[in-house]
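Read through the structure below, which is laid out as structure tokens, and then see the notes.
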């Protein structure tokens, strides 16, 4: 015993190293698995069950390795420490998210993807074949609008080139109208039009977009200020979920109580546009329109006599409260989750306006635009 | 499984070493063999059969070679035949699984599409374990070692998890004694852990981060980067490949020491070299040692006149390049070294000897450029990159370099410092046990933090 003790003192590294490894191993066995990471806003891999086929095809080992990464004891602390280490080296970046001036976080996108060209072509084909006016509102991302606040020299997605490509794809169709939102957003960039910690625009940013849309589509622009305004604090968005560094300023979400009769979601009905319970969770932006749904219909029956189809990504979710003021019914389609036929859908109401709302980074990444033109 | 993973650190290490340290000494090889099989099969169960076949073939060949020339028999031609068959099997497998695609593609390019590529994926570690087992069979043939009668012992040598996948290439004669009997001391385990953690930190803290810069350049597109950023890329890749590979080797050496083995050193601060000749004495030492021992010297080395020496060098460097990958760029990379080593051999070395500053610039510059040939497998892309490196127009707007210097400057500086012997000299000179232990623990903690958040974690040398 005495001898062992002497060795332990003589070689502390041995005991500490094996002790740490064994303790972490015990931690995996003892601690219950976390289902969901609040900090990263995503579901985590649970310990997989062994089965002969999953071992044979290697999927068991793969999930098990993911499990060891995602369920490591003290994961949140370790991950935060990593972000702090990176920050301490003077780096402005962690996990592809860079911190710029004014506490703004930015997504580092280095190049135009192959999807972008396909998506733009699909939008062009859709507009050419729609047989009525199609309005296309493509939002620049915060990287493009807040270019002055970027860390010096950060590589960016060339959104102007993509906008030009879109313009060229639509040049042939008389019915296609591009709504340029860059100018109005850019002029008002000091007005917190994008969240610092999230990739979305703010309710205020969507308000400027609404102004541009209303002007282009000839809508009678309404003042949302006549509805009650609310604020939700401590919002840390998708950028933060990846960045996780120290000294990040949380955002505030604004929203207005714009009344509607019914919000018809694909699996249920609600009676307002905003899921106020959703503000209690981590993904607070998901409260707008109850998150993304394949198809949902907003009924507001104001007797205006005009309906709207929106094809959109999540940017539109906080824009819809504005548009509700100008339409009786709005059918909102998110192609990522939409299982129906777009052509049948828009044939249902031939007098309705058609509006596409997307942000440029989504057009660059997504691969569901083919649904616009496939039958 | 890879060393630099939470799976290895917190599942494999506690379970395996508990078993390994608790079983009686005579069962240690069994434990090591089974542990190594789990380690290998975790990522690549299908190619396990190939390893088992290799063990059986080489063990059988060894036993039969011993039998054919023993007290009772004297059949040297049979022995030679068995030896040749085993060699053909070993290198045949390497050839089939590693190079078929390359030859099919090139033959098809010349003669039209006449062959179909069977599309093998490279079996993990085949380039390394083929060389290891070949050392056994060749040394046996030369009569330098005795045949191993116990198949488990030979199997343990071949699959031993520290060096199975990416070296160091341990030749059989170096470990045969330890395979039969080894003592595990506290001192060796303690040293092993320290070396292992240094290797882990090299890989996770430096190589992965430097590699992130290099990967960004590919994503941005070589045509779009400024001249300073292109040079930053050369530095980043140069550091990445060293800390990646040396990190792996250190982890292997450390684990070997924890198991009671002595695995030879694979790197000796290669970037302080003052010539490419010196560089290859310090870089991947076990590989160049293998080529010298089993190719260059058997070919006659430098003992058969000037011309034969250069021919032999050509063969060795062609094979070295080709060993690194089935692609023309790797062959070019080998030829690059052949040219400069020949120049150094014929007249340059004396000049380099006398000019310290020049020799350092010369060596680092050529090493960095050689890594570009190595890293960029497409010649058009390589051309684009070279243009960025040397065209002044590309220096007009250098803001991208500012961004990367800010984000990766610390890693690059640390990488440069730890490429010199001063850091390890300082650590070795540390008297305080607490300080040494503290440094190891901090590096371990930081590495675990990075692993917990890392999606990006490949070993470069796994491709070979």
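Couple of notes before you dig in:
- Any hit, region B:213-221, residues being free of Cβ contacts under 8 Å to residues at least 60 places away in the same chain, surrounded by fewer than 24 Cβ atoms within 10 Å (Cβ to Cβ) and at positive phi: yes
- Filter result for residue B:185 (within 14 Å of another protein chain (Cβ to nearest Cβ), surrounded by 22 or more Cβ atoms within 10 Å (Cβ to Cβ) and either over 19 Å from the mean Cα position of the chain (by Cα) or modelled with pLDDT of 95 or more (or both)): no
- Matching residues, region A:344-375, being in contact with a strand residue (DSSP E or B) (Cβ under 6 Å, 6 or more places away or on another chain) and surrounded by fewer than 18 Cβ atoms within 10 Å (Cβ to Cβ): A:349
- Of the residues examined, residue A:105 is one that is in contact with a helix residue (DSSP H, G or I) (Cβ under 9 Å, 6 or more places away or on another chain), within 30 Å of residue A:154 (Cα to Cα) and more than 12 Å from chain B (Cβ to nearest Cβ).
- Residue within region A:21-38 that is buried (at least 16 other Cβ atoms within 10 Å of the Cβ), more than 8 Å from chain B (Cβ to nearest Cβ) and over 30 Å from residue A:366 (Cα atoms) present: no
- Residue check, residue A:137 at pLDDT 90 or above, assigned to a helix (DSSP H, G or I) and either assigned by TED's automatic domain parsing to the domain that holds residue A:357 or touching a helix residue (DSSP H, G or I) at 6+ places or on another chain (Cβ under 9 Å) (or both): no
- Among the residues of region B:234-272, those that are surrounded by fewer than 23 Cβ atoms within 10 Å (Cβ to Cβ) and farther than 13 Å from residue B:168 by Cβ comprise B:234, B:235, B:241, B:260, B:269, B:270, B:271, B:272.
- Residues satisfying the stated conditions in region A:65-91, i.e. more than 7 Å from chain B (Cβ to nearest Cβ), part of a helix (DSSP H, G or I) and modelled with pLDDT under 90: A:66, A:67, A:70, A:76
- Where a residue in region B:286-303 is in contact (Cβ under 8 Å) with a residue 40 or more places away in the chain and its partner, wherever it lies, is assigned to a helix (DSSP H, G or I), with Cβ under 6 Å and at least six apart: B:290/B:131; B:294/B:138
- Those strands (runs of 3 or more DSSP E) of region A:261-375 in which at least 1 residues are free of Cβ contacts under 8 Å to residues at least 40 places away in the same chain and in the same structural domain as residue A:120 (by TED's automatic domain parsing), considering only elements entirely within it, cover A:262-264, A:295-299, A:329-333.
- For region B:380-394, the condition of being farther than 30 Å from residue B:314 by Cα, touching a helix residue (DSSP H, G or I) at 6+ places or on another chain (Cβ under 7 Å), modelled with pLDDT under 95 and surrounded by 13 or more Cβ atoms within 10 Å (Cβ to Cβ) holds for at least one residue.
- Output for region A:36-64, where each listed residue is farther than 21 Å from residue B:5 by Cβ, modelled with pLDDT under 80 and part of a loop (DSSP other than H, G, I, E, B): A:38, A:39, A:41
- When residue B:65 is tested against the conditions (1) more than 14 Å from chain A (Cβ to nearest Cβ); (2) surrounded by 17 or more Cβ atoms within 10 Å (Cβ to Cβ); (3) under 30 Å from residue B:189 (Cβ atoms); (4) in contact with a helix residue (DSSP H, G or I) (Cβ under 6 Å, 6 or more places away or on another chain), the lone failure is (3).
- Answer residue from region B:37-59, given it is exposed (fewer than 14 other Cβ atoms within 10 Å of the Cβ) and more than 14 Å from chain A (Cβ to nearest Cβ) and is farthest from residue B:120 (Cα to Cα) among those: B:56
- Selected residue [more than 14 Å from chain B (Cβ to nearest Cβ), within 22 Å of the chain's Cα centre (by Cα), buried (at least 19 other Cβ atoms within 10 Å of the Cβ) and closer than 30 Å to residue A:357 by Cα] from A:98, A:116: A:116
- For region B:435-455, a residue qualifies if it is modelled with pLDDT under 90, in contact with a helix residue (DSSP H, G or I) (Cβ under 8 Å, 6 or more places away or on another chain) and more than 7 Å from chain A (Cβ to nearest Cβ), and exactly one does: B:454.
- Restricting region B:337-354 to residues that are over 29 Å from the mean Cα position of the chain (by Cα) and under 15 Å from residue B:273 (Cα atoms), the residue that is surrounded by the most Cβ atoms within 10 Å (Cβ to Cβ): B:351
- Some residue of region A:129-140 being under 27 Å from residue A:250 (Cβ atoms), buried (at least 17 other Cβ atoms within 10 Å of the Cβ) and away from chain B (no Cβ under 14 Å): yes
- From A:199, A:177, residue being assigned to a strand (DSSP E or B) and either away from every other protein chain (no Cβ under 14 Å) or farther than 28 Å from residue A:234 by Cα (or both): A:177
- Of all residues in region A:45-64, exactly one satisfies the criterion of being in contact with a helix residue (DSSP H, G or I) (Cβ under 6 Å, 6 or more places away or on another chain) and facing chain B (nearest Cβ under 9 Å), namely A:61.
- Flag if residue B:118 is surrounded by fewer than 20 Cβ atoms within 10 Å (Cβ to Cβ) and touching a helix residue (DSSP H, G or I) at 6+ places or on another chain (Cβ under 7 Å): yes
- Any hit, region A:174-181, residues being modelled with pLDDT of 90 or more and surrounded by fewer than 16 Cβ atoms within 10 Å (Cβ to Cβ): no
The values are calculated or read from the model by the stated rules, or taken from the named source; none is laboratory data. Treat the numbers as computed from the prediction; the structure is a model and nothing was measured. Neighbour counts are summed over all protein chains in view; Cβ atoms, including those assigned to glycine, are modelled from backbone coordinates with ideal geometry.
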